[in-house]
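Have a look at the structure below, then the notes.
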């Protein structure tokens, strides 16, 4: 997995362990004001599963 890291930012691939944080973000109306509403845990799980890139074959 490639990770881009600066003093104030870390960019990496989403992982299933991000579920609780992503659920909280997706339930915040201010954060999602201009985004489709994804509020519950099941919808957030589906979103993360769509975004997770399978590991490359070794």
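The values are calculated or read from the model by the stated rules, or taken from the named source; none is laboratory data. Small disclaimer: the values here were computed from a predicted structure and weren't measured. Virtual Cβ from ideal backbone geometry, glycine too; neighbours counted across all protein chains shown.
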*Could you list, in sequence order, all residues of region 5-16 that are modelled with pLDDT of 90 or more and out of contact with any strand residue (DSSP E or B) (no Cβ under 9 Å at 6 or more places or on another chain)?*
6, 7, 8, 9
*Find the residue count for region 17-33, including only residues that are surrounded by fewer than 10 Cβ atoms within 10 Å (Cβ to Cβ) and modelled with pLDDT under 90.*
3
*Between residues in region 29-58 that are on the phi < 0 side of the Ramachandran plot and assigned to a helix (DSSP H, G or I) and residues that are surrounded by 11 or more Cβ atoms within 10 Å (Cβ to Cβ) and modelled with pLDDT of 80 or more, which pairs lie under 6 Å by C-beta distance while being six or more apart or on different chains?*
41/23; 44/22; 44/23; 44/26; 48/14; 51/14
